[in-house]
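Every read-out reported here was derived from the displayed coordinates using simple, explicitly stated rules and does not represent laboratory data. A quick note: this is a predicted structure, and the numbers were derived from the prediction, not measured. Neighbour counts are summed over all protein chains in view; Cβ atoms, including those assigned to glycine, are modelled from backbone coordinates with ideal geometry.
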Amino acid sequence: RTPIRLDSTEDGDSGNWPRQNSLSLKEWDIPYSDLLLLESIGKGRFGTVHRALWHGDVAVKLLKEDYLDDEHMLEAFKLEVANFKKTRHENLVLFMGACMNPPHLAIVTSLCKGNTLYTYIHVRRDKFTINRTTLVAQQISQGMGYLHARGIHHKDLRTKNIFLENGKVIITDFGLFSSTKLLYCEMGLGVPNGWLCYLGPELMRALLPRKPTEEILPFSKASDVYSFGTVWYELLCGEFPFKSQPPESVIWQVGRGMKQTLANLQTSRDVKEILMLCWSFQADDRPDFAKLLSQLERLPKKRLARSPSHPVQLSRSAES
Ligand code: ATP
């Protein structure tokens, strides 16, 4: 097997960037033998993630060997590296390089040491105050606004892919291997828990219970904004929208423009409005991340009344 090549003409650059700025892959190549692989952190659809040592702690995503002969996967891998190398933002995981010599294909990023928002919300069941929720959402909007400005759609924005490290948001897994395509190919319409509720109506309507080989769902900036709405909802409510409903029912409701009811959500109109805008049925009616950021910045800060007999932090809160 030969090393994967990725030069300036095939690196997935959108054309908005001068060619000379497009660094060749070589500069990002990390010899696999330079990595000291430690324990596995988890398994994703495309392979395993390990903690490793390479000039300090790093995370290494190893592509499953089964995929090495799959042209689509290799294409997706190249695209991922191409996308990754265009990103430098404090709220995005730091791309450090890639191993490009089969059979060891891997992406090396900084290791996120905090927990994911998913863990805080759904596992530890921590309560986020509205002020903290807003700060987290602002950072997500900043990272996402940057990605969109670089022409990259996240396609998989969800609380499992957002880390919180000492109060700082780190977004991972952006523009990855066409995950939906993989899902279709491997399982027909297999839908993992906690994934469907991030898909906007246009994506729901494009889901088909068969195995397309070439079709890709119509991901867009607006579909990322819809996903952000779901993250906002989870932060506010501590649960997923359409909780415990079967996938067919969620697909049917969202595809027809129905939304999770907010009747039991005790919060201000401004906060609910952000949710409703992000979940707009028409993709064009959803705000972009710059607009969301300014809306979030305008939300009034809730003052916490301090009194000796009533400590401010009555409940365990995530990362204070
Ligand atoms: P899917 O493949 O469906 O997206 P996933 O998001 O769980 O599933 P991966 O992105 O492969 O899969 O991640 C596997 C595990 O590794 C997850 O628990 C994730 O939190 C962890 N992980 C991924 N990247 C990092 C990182 N940079 N630092 C620390 N942990 C990470």
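Structural remarks
- Label separation (Glu27 vs Lys113): 2.9 nm, computed from points 7 Å beyond Cα along the C-beta direction.
- Under 13 Å, Cβ to Cβ, from Gln138 - net charge with Lys/Arg +1 and Asp/Glu -1: +3
- Projecting the alpha carbon convex hull of region 50-113 along each direction and taking the average yields 4.6 nm².
- Peptide ranges 141-150, 85-94 listed from the most packed, as the mean C-beta count within 10 angstrom indicates: 141-150, 85-94
- Spin-label pair Leu38-Ser244: with each label point 7 Å from Cα along the Cα-Cβ axis, the two points sit 4.0 nm from one another.
- Gain on full stretching of the segment that runs from Thr267 to Lys64 - 0.36 nm per residue minus C-alpha separation: 68.6 nm
- Note on Ser294 and Glu71: their simple-model spin labels are 4.7 nm apart, each label 7 Å out from Cα toward Cβ.
- Annotation: peptides 111-117, 246-252, 225-231, ranked by per-residue average of other Cβ atoms within 10 Å with the highest first, follow the order 225-231, 111-117, 246-252.
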